[in-house]
Amino acid sequence: MDRRLKGLLTVWLLLLALLGATFGLSFLPWGAWGNAASLGIAAAKAALIVTVFMRLGASQPLVRLAAGAGLFWLTILMALTLADVLTRV
Amino acid sequence: MTGRTGAGPGTTASPGQLGLWLFLSTEVMMFGALLLAITLARLGRSGAAPFDKGLGAANTAILLTSSLLVAVAVERSGPCSGPGRARLPLVGAAALGVAFLAVKAVEYRADFAKGLVPGPDLFVNLYYVATALHAVHLTIGVALLAGLALVRPQPSTVEAAGLYWHFVDLVWVFLYPALYLVPG
């Protein structure tokens with residue numbers, strides 16, 4: 001088995017392990033911390049998929065910029081909306 | 001696209017690759033707004049999510065595995081590979097996409113039997129909007145992968161379809177905790 005294929009398989013196993021972790025943790029009575037944990041695990045999965053499966057890490061800077069722009073504007077959307085909603089009294 | 005500053009051989013992007021990433025960025029905005037709406041709907045309700053998180057997890061595993069197969073197909077469609085070597089993983093990934101849709105259909109049926117129908121609960125409504133929109137994307141992806149398995153595609157075409165497929169997987173990675181894993 002060549003090295004690249006081995007890398008893909010390793011990432012797939014990691015993704016399944018993260019899925020198992022998020023599923024298992026959801027049975028614990030964590031309250032709001034459960035949200036933070038499941039979101040953190042989703043972000044870790046996303047990072048693996050984007051960098052390894054979608055090869056963004058090895059892409060040209062221009063492509064990374066295009067991908068990063070989506071994330072950047074999404075962050076603004078989320079941050080400003082939640083900054084309003086979560087701080088209402 | 002050659003001769004860019006700082007880009008050596010093998011690091012240049014095809015115009016198709018850049019265009020696809022730009023398209024995916026617009027998709028991020030669409031699904032991102034939907035995820036934000038789901039987050040707000042969750043803040044406005046109490047109690048755990050009423051949906052079957054076991055089936056949701058099974059579907060996540062199905063999509064993650066399909067993404068692995070697509071990554072293998074992209075690998076095998078390269079210039080160093082023999083013709084047709086990408087076909088099997090492409091067919092496998094498309095089949096897993098169909099399996100995902102089948103599980104989703106079973107789940108919708110069970111949801112309806114439990115009385116979880118579109119109605120006054122905003123969170124339930126958003127569940128249907130988000131999962132149905134995702135299913136539409138997935139159906140397009142299945143058609144793309146199955147179509148590529150029938151012809152002998154260019155490596156860049158397989159790569160573009162692969163990027164789209166991984167993105168559909170990525171959306172589900174976030175929809176799963178947002179819709180199914182709501183602490184009670």
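The values are calculated or read from the model by the stated rules, or taken from the named source; none is laboratory data. Predicted model, so just to flag it, every value in this text is computed and none were measured. Every residue, glycine among them, receives a Cβ derived from its backbone with ideal geometry; neighbour counts consider all protein chains shown. Remember, those area values only see protein heavy atoms, side chains included, never the ligands or the DNA or RNA. Shrake-Rupley method; radii C 1.70, N 1.55, O 1.52, S 1.80 Å.
Within the shell defined by Cβ-Cβ distances under 15 Å, the residues around A:Asp2 carry a net charge of +4, with Lys and Arg each +1 and Asp and Glu each -1.
In chain B, which whole DSSP H runs stretch at least 20 Å along their own axis (Cα) and average 1.6 or higher on the Kyte-Doolittle scale? TM-like helix candidates: B:122-150. Computed over the alpha-carbon pairs of chain B, the distance histogram in 5 Å steps reads 1, 7, 15, 17, 17, 14, 10, 8, 5, 3, 2, 0, 0 percent, short to long. Interface residues of segment B:29-53, defined as those losing at least 50 Å² of solvent-accessible heavy-atom surface relative to the isolated chain (probe radius 1.4 Å), are listed as B:Met29, B:Leu36, B:Lys53. Would you please name the chymotrypsin sites (Phe, Trp or Tyr not before Pro) within segment A:1-88 that are DSSP coil residues with at most 15 other C-beta atoms within 10 Å of their C-beta? The qualifying sites are A:Phe27, A:Trp30. Relative contact order of chain A: 21 percent, from C-alpha pairs under 8 Å at least 6 residues apart in sequence. Charge dipole (Cα centre; +1 on Lys/Arg Cβ, -1 on Asp/Glu Cβ; no other charges) of the protein assembly as shown amounts to roughly 460 debye. Under a model in which nothing but the beta-carbon of Lys, Arg (+1) and Asp, Glu (-1) is charged, segment B:91-184 shows a dipole of about 180 debye around its Cα centre.
Rounded to two decimals, the Cα-based Rg/Rh of chain A, with Kirkwood Rh, is 1.08.
Rg/Rh for the protein assembly as shown stands at 0.98; both radii use Cα atoms, and Rh follows the Kirkwood definition.
When each of the peptides B:70-77, B:123-130 is scored by the mean number of other C-beta atoms lying within 10 Å of its residues, the order from highest to lowest reads B:70-77, B:123-130. Under 10 Å, Cα contacts only: if you run a Gaussian network model on chain B, which one of B:Ala160, B:Ala102, B:Ala149 comes out with the highest mean-square fluctuation? Its mean-square fluctuation being the largest, the pick is B:Ala102. Note on the protein assembly as shown: Lys pairs 8 or more places apart or on different chains, Cα atoms under 27 Å apart, count 6.
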